[in-house]
Amino acid sequence: MSVYQYYEFQSIDRPLTLPEQATLQALSSRAHITPNRASFLYNYGDFRGDPEAILAEHFDAMLYIANWGTWQIVFRFPKALVERSWFEPYEVEDAIALSTTAHHLILNIKIQEEGGMMGWVEGEGWLPRLLPLRDDLLAGDLRLLYLAWLRVCPNLIEYGEDKDPLEPPV
């Protein structure tokens, strides 16, 4: 059985420099790098870099999809434009997480589908369509977080984490 893992990164706020592009290209022979984007596709093996560290240093958005049922979207925001308190009510351990760097707030949404994905799903072309969600979050529209929270809540109950999780605002 073959494996499918797809990583895509997008820079929105600034293009990558030539040295940054070279650093990213050196991570994998499967790298496709442009001044605003990097993608890595694996059918065997795995990505040698730390995707979340790469996002934190170079990019504003990341998408990861694996055929065993993992979906991950990560956005990096300038701290001057967002408040951590906007996102905190939606945090769920191992699913919706916040972290910070010196200048950025990072929102990481990770969903694990039990039993893998239904059918074959490929990640190419998805991230550009998801980028408006970052703009929505920057504008204070938190519906993405609410929907993600609703998606992961049944898993909380299944694993006995919380019998009745407190619902965040819509």
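Derivation of every value follows stated rules applied to the coordinates shown; laboratory data play no part. Keep in mind the model is a prediction, meaning the values are calculated, not measured. So basically every Cβ, Gly included, is an ideal-geometry build from the backbone, and we count neighbours across all protein chains shown.
State to the nearest 20 debye the size of the charge dipole of the chain about its Cα centre, where the only charges are +1 on K and R beta carbons and -1 on D and E beta carbons. All intermediate terms of the calculation are to be shown ahead of the outcome.
Numbers: 13 positive and 25 negative charges, 123 e Å.
Using only the charged Cβ atoms, the result is roughly 600 debye.
Using +1 at the Cβ of each Lys and Arg and -1 at the Cβ of each Asp and Glu in the stretch 5-158, identify which of Ile54, Thr17, Tyr64 lies farthest towards the dipole's positive end.
Farthest along the dipole direction, towards plus: Thr17.
Under a 5 Å amide H to amide H cut-off, with H placed in plane at 1.01 Å, what residues pair with Glu113 once short-range neighbours are removed?
Thr70, Trp71
Net charge around Ala56, counting only other residues with Cβ within less than 10 Å of its Cβ (Lys, Arg = +1; Asp, Glu = -1)?
On the way: positive: Arg76; negative: Asp50, Glu52, Glu57.
Cβ neighbours under 10 Å give a net charge of -2.
Sum up the charges of everything whose Cβ sits under 13 Å from the Cβ of Asp135, counting Lys and Arg as +1 and Asp and Glu as -1, but leave Asp135 out. Mind dumping the intermediate values first?
Working: positive: Arg129, Arg134, Arg143; negative: Asp13, Asp60, Asp136, Asp141.
Once all neighbours under 13 Å are counted, the net charge is -1.
Scattering from the C-alpha atoms of the stretch 54-119 alone, worked out with Debye: what is log10 I(q)/I(0) at q = 0.14, 0.15, 0.20, 0.27 1/Å?
So the normalised log intensities are -0.45, -0.51, -0.81, -1.16.
Quick one: what are the phi-derived ³J(HN,Hα) couplings along the stretch 69-76, Karplus 6.51/-1.76/1.60 with θ = phi - 60°, whole Hz, x for glycine and proline?
Listing the rounded values in order: x, 9, 10, 9, 10, 10, 10, 10 Hz.
Among Pro165, Ser29, Gly123, whose Cα projects farthest towards the positive end of the dipole of the chain, with charges put on the beta-carbon of Lys, Arg (+1) and Asp, Glu (-1)?
Selected residue: Ser29.
When the chain is treated as a GNM, springs tying every alpha-carbon pair under 10 Å, which of Tyr90, Tyr44, Tyr64 comes out with the largest mean-square fluctuation?
The residue that fluctuates most here is Tyr44.
Quick one: among Ser29, Ser39, Ser99, which has the greatest mean-square fluctuation in a GNM of the chain with alpha-carbon springs under 10 angstrom?
Ser29
Taking amide hydrogens as modeled 1.01 Å from N in the peptide plane, which residues meet the under 5 Å criterion relative to Leu16, leaving out close sequence neighbours?
Asn36
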